[in-house]
1. Mean residue ellipticity at 222 nm from the helices of the chain, using -39,500 (n - 2.57) per DSSP H segment of n ≥ 4 over the full residue count, to the nearest 500 deg cm²/dmol?
2. Along the Cα-to-C-beta direction of PHE91, a point sits 7 Å from the Cα; which residues of region 37-56 have their amide N less than 17 Å from that point?
3. Note the full-extension length gain between ASP120 and LEU16 as 0.36 nm times their separation in residues minus their Cα-Cα distance, in nm to one decimal.
4. Longer than 23 Å from Cα to Cα, which of LYS14/LYS49; LYS49/LYS112; LYS56/LYS113; LYS14/LYS62 are they? Say none if no pair is.
5. For the chain, report the % of Cα-Cα distances exceeding 21 Å.
6. Modelling each spin label as a point 7 Å along the Cα-to-Cβ direction, I'd like the ASN136/ARG77 distance in nm, to one decimal.
7. With r as the distance between the Cβ atoms of ILE60 and LYS28 and R0 = 22 Å, compute the FRET efficiency 1/(1 + (r/R0)^6) and round to 0.05.
8. Order of LEU118, LEU84, LEU140 from fewest to most other C-beta atoms within 10 Å?
Amino acid sequence: NEGWASFWHYNILKELNLNDGLHFEFLKRHNDVVAPMVGGLNPYYIGFKIFQDIEKRFGIEKIFEVRKTERDSSFLRRYLTRDLCEELNLFQYAKKSFDYVIEEISDEIGWKKIRDHLADTCGIASIPYIRVTDLNRRDLT
């Protein structure tokens with residue numbers, strides 16, 4: 001889980017007695033990795049926020065249990081809460097004709113549909129969408 005790596009990278013390095021230069025470099029690199037993506041999802045960011053929430057609500061021991069027992073899809077189903085969906089500004093959209101339309105927002109009902117859709121399409125449960133956007137006709141790359 002990308003969130004597991006980000007969670008520990010952040011927590012271990014913040015405990016080190018880094019000089020200001022290294023500390024700011026660490027913060028910059030960490031924030032680059034976990035930055036939310038406009039118009040997309042950053043699994044490092046979502047996982048990091050979920051692990052922080054688990055630690056806050058249940059304590060540090062729970063995150064070890066979660067890491068041991070959950071897959072990406074069950075992790076999202078069990079621990080992506082409505083509050084986190086709202087905080088992360090998650091919504092679901094679909095292409096309708098030539099437009100993109102927001103279908104669900106993180107409200108009382110929509111957050112569960114968003115959570116379930118993420119769980120259904122993450123990791124090995126999904127087939128990646130790959131397309132060619134540019135072709136070099138000389139060497140066909």
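Quick note: the coordinates plus some simple rules give every number you see, no bench work behind them. Small disclaimer: the values here were computed from a predicted structure and weren't measured. Please note: Cβ atoms are built from the backbone with ideal geometry, for glycine as well, and neighbour counts cover all protein chains shown.
1. Values: 7 runs with 81 residues, N = 141.
Mean residue ellipticity at 222 nm (helix-derived): -17500 deg cm²/dmol.
2. 37-42
3. On the way: separation 104, 0.36 × 104 = 37.44 nm, distance 3.80 nm.
Full-extension gain reported as 33.6 nm.
4. On the way: LYS14/LYS49 16 Å; LYS49/LYS112 17 Å; LYS56/LYS113 25 Å; LYS14/LYS62 21 Å.
LYS56/LYS113, as the Cα separations exceed 23 Å there.
5. Details: 5261 of 9870 pairs.
Every Cα pair in the chain considered, those over 21 Å come to 53 percent.
6. Taking the two extended label points, one gets 4.5 nm.
7. On the way: r = 26 Å, r/R0 = 1.19.
Using R0 = 22 Å, I get an efficiency of 0.25.
8. Numbers: LEU118 21, LEU84 18, LEU140 6.
If I rank by nearby Cβ atoms, fewest first, I get LEU140, LEU84, LEU118.
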